[in-house]
Every structure is written in C-alpha cells, then in structure tokens.
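Presented below is the structure to which this report refers.
The values are calculated or read from the model by the stated rules, or taken from the named source; none is laboratory data. A quick note: this is a predicted structure, and the numbers were derived from the prediction, not measured. Quick reminder, even Gly has a Cβ in these numbers, built from the backbone with ideal geometry, and neighbours come from all protein chains shown. Only protein heavy atoms, including side chains, enter the accessible area calculation; ligands, DNA and RNA are left aside. Shrake-Rupley method; radii C 1.70, N 1.55, O 1.52, S 1.80 Å.
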Amino acid sequence: MVRMIMHGCNGKMGRAITAICQEDSEVEIVAGVDPYTGIDNPYPVFSKIEDCSIEADVVVDFASASAVDGLLDYCVSKKTPVVVCTTGLSEGQLAKVEESSQTIAVLKSANMSLGVNIVVDLLKRAARVLAPAGFDMEIVEKHHNQKVDAPSGTALALADSINEALGGGYQYKYDRTPERKKREKNEIGVHAVRGGSIVGEHEVIFAGMDEVIEIKHTAYSRAVFGKGAVEAAKFLAGKPAGKYGMEDVIEGR
C-alpha cells in the first residue's frame, strides 16, 4: 500500500484524486494539504505543507505555482518523492525542480494523462518518418473558456517532442495573421481555441501531398489526469533520487 499526501486536496483535481484513491486498493491518502479546509475529507488536512507531520511514501501536487517552492523544500527535508502536476512554474521554480531531483525522486510532466503520453511516443515515431517526406506539422489545442494560458503546456510539450525527435531546428508559429507569406518548411504551427467547458483536446496534423494523418487525444473529464497522477505516485514511491517523467511510468507498467 502506497501512502500518499495530496497537496491541493480541496481543489478540483485534488477532490477527483481523492475519489480515485478511495477505489484503488494499492494507494491510500494519509493526509491532505490545502489553505481551504472547509471540506470534509476522509483524512486529516493541514493548511500548510510545513505543518504536515504525517509520514508518507510520496506527495502528489495539484496546487498553485506559488506553493511549489515550499513543497519542494518540505519533500527534500523529509526525503519524500514528489509528483509535481502544477503547471505555470517560473524558470526559477523549474531550476529548483532540477535541483531537488538531486536529492529525491521528482516526477514532472506537462500532462498527467496516460493517453497523452502514449500520443507523445506516437508523434515521435510519426515525425521521424513523415517530416523527411515533406509533411507539414500543425497542432490545434482546445480548452474551456476559463483557461488563461495559450497555447497549453501540453501543446508545447507535443511540439517539443516532435522537434526533439527531428534533432531540433524547427520554429513554432503561433499566429500567421501578421505575415502574408507561404509556410516555411521548418515550422510547427501551434493554435489555441478557447470556449465552453472543453476539458482538453489536442490534435496533431501531418499534412502531405494528397494525404493527411491526424493524431488526436480528447479528455472528457479531469479524471484522466487524476488517474495518471495516481499511477505516477505508485510508480515513484521508493524510487531513488532523480528526475522522472510519465514516459517512465508507461514503460514501468
């Protein structure tokens, strides 16, 4: 049984993960951390991570970026592995994630969905074959109208995976309206759509002469991200210091 601390337990994702863990016999949430304590949880909740005195095998973080520094300090001091799911981290915080991974196991991913991370692997394989054959590559991501960042971190991660698979050198084109010219060969178009209650949709288009290949992932609820985070927690518990990603979780399944 993996003992887990849920950092950000009373947010939407924290509550979703709580429900998932109650149905999973391999993991137990032994404590939660959230500045809002007005929800009745089946485990003790602390308003700050520093106040948590309960031992655990791993911490899962779905809180705010402002709380990540304190979280990493806590996990390093307790020698506790941590799954960092919070997005929008600053360059300084990303550097701290790297630094912390020298002491503890840290798993950081732009998207916790197992499906999205399978798509990343497919994209790498497709790009190595299709890009040299002259296929153009475009990414279209769709999210709800409350999402403030665009393009999404997942869309950028997909673009990065393609770029890295091809040895780098590709430029990301976010908006074509300011320029009236033909598409460059070394471009990856990245386009954002915001509307309604779309949880998350990412489509990668490989467009060649007389044929188009589309690889698409659609999330219908936040539960897919929560399930991935729980699987990551089970994978990370007991791991030696180092930086891990969802690809390691998938390979370890």
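All conditions but one from (1) out of contact with any strand residue (DSSP E or B) (no Cβ under 7 Å at 6 or more places or on another chain); (2) part of a helix (DSSP H, G or I); (3) farther than 23 Å from Ser90 by Cα apply to Ser161; the one that does not is (3).
Would you say Tyr244 is in contact (Cβ under 8 Å) with a residue 12 or more places away in the chain and either of a type in the set (D, E, K, R) or buried (at least 16 other Cβ atoms within 10 Å of the Cβ) (or both)?
It is true that Tyr244 is in contact (Cβ under 8 Å) with a residue 12 or more places away in the chain and either of a type in the set (D, E, K, R) or buried (at least 16 other Cβ atoms within 10 Å of the Cβ) (or both).
Looking at the stretch 1-39 only, could you name the residues that are among the polar types (S, T, N, Q) and open to solvent by 30 Å² or more (accessible area, probe 1.4 Å)?
Gln22, Ser25, Thr37
Taken over the stretch 17-63, the residue count meeting the criterion of being in a strand (DSSP E or B) and among the aliphatic types (A, V, I, L, M) is 9. Does Val190 count as part of a strand (DSSP E or B), in contact with a helix residue (DSSP H, G or I) (Cβ under 9 Å, 6 or more places away or on another chain) and at pLDDT 95 or above? Yes; evaluated as a whole, the condition is true for this residue.
Suppose we keep only residues that are part of a helix (DSSP H, G or I) and out of contact with any strand residue (DSSP E or B) (no Cβ under 7 Å at 6 or more places or on another chain) within the stretch 73-83. Which one would you say is nearest to Ile49 (Cα to Cα)? Outline the logic, then answer.
Taking the stretch 73-83 and keeping what is part of a helix (DSSP H, G or I), we get 73-78.
Filter once more, so that each one left must be out of contact with any strand residue (DSSP E or B) (no Cβ under 7 Å at 6 or more places or on another chain): 73-74, 76-78.
Working: Asp73: 10, Tyr74: 7, Val76: 12, Ser77: 12, Lys78: 11 Å.
Step by step, filter the stretch 73-83, then rank; the result is Tyr74.
In the stretch 86-144, which residues are out of contact with any Cys (no Cβ under 8 Å at 6 or more places or on another chain) and among the polar types (S, T, N, Q)? Within the stretch 86-144, Thr86, Thr87, Ser90, Gln93, Ser101, Gln102, Thr103, Asn111, Ser113, Asn117 meet the criteria. Set side by side, the residues Val204, Val212 differ, and just one is of a type in the set (Val, Ile, Thr) and either open to solvent by 60 Å² or more (accessible area, probe 1.4 Å) or more than 21 Å from the chain's Cα centre (by Cα) (or both), which is Val212.
Can you work out which of the residues in the stretch 89-102 that are of a type in the set (A, V, I, L, M, F, W, C) and open to solvent by 40 Å² or more (accessible area, probe 1.4 Å) is nearest to Met112 (Cα to Cα)?
Filtering first and then ranking leaves Leu94.
Among residues of the stretch 53-73 that are without any contact (Cβ under 8 Å) to a residue 60 or more places away in the chain, those with a Cβ under 6 angstrom from a residue that is small (Gly, Ala, Ser) and open to solvent by less than 40 Å² (accessible area, probe 1.4 Å), sequence gap 6+ or separate chain, pair up as Ile54/Ala31; Ala63/Gly8; Leu72/Ser100.
Yes or no: Ala219 over 25 Å from Leu94 (Cβ atoms) and either hydrophobic (A, V, I, L, M, F, W, C) or surrounded by fewer than 17 Cβ atoms within 10 Å (Cβ to Cβ) (or both)? So Ala219 fails the test. Scanning the stretch 124-158 for residues that are over 21 Å from Val193 (Cβ atoms) and either part of a loop (DSSP other than H, G, I, E, B) or modelled with pLDDT under 95 (or both) turns up Gly134, Phe135.
Restricting the search to the stretch 156-188, which residues are of a type outside the set (D, E, K, R), open to solvent by less than 80 Å² (accessible area, probe 1.4 Å), closer than 17 Å to Phe206 by Cα and over 18 Å from the mean Cα position of the chain (by Cα)?
Of all residues in the stretch 156-188, those of a type outside the set (D, E, K, R) come to 156-159, 161-163, 165-172, 174, 177-178, 186, 188.
If we keep only those that are open to solvent by less than 80 Å² (accessible area, probe 1.4 Å) too, we end up with 156-159, 161-163, 165-170, 172, 186, 188.
Keeping just the survivors that are closer than 17 Å to Phe206 by Cα gives 156-159, 161-163, 165-166, 170, 172, 186, 188.
Across the stretch 156-188, the qualifying residues are Asn163, Ala165, Leu166, Tyr170, Tyr172, Asn186, Ile188.
Answer with yes or no whether Thr86 is surrounded by fewer than 17 Cβ atoms within 10 Å (Cβ to Cβ) and part of a loop (DSSP other than H, G, I, E, B). Against the criterion (surrounded by fewer than 17 Cβ atoms within 10 Å (Cβ to Cβ) and part of a loop (DSSP other than H, G, I, E, B)), Thr86 does not qualify. Taking only the stretch 40-81 into account, find how many residues are under 22 Å from Glu99 (Cβ atoms) and open to solvent by 60 Å² or more (accessible area, probe 1.4 Å). Number of matching residues: 7.
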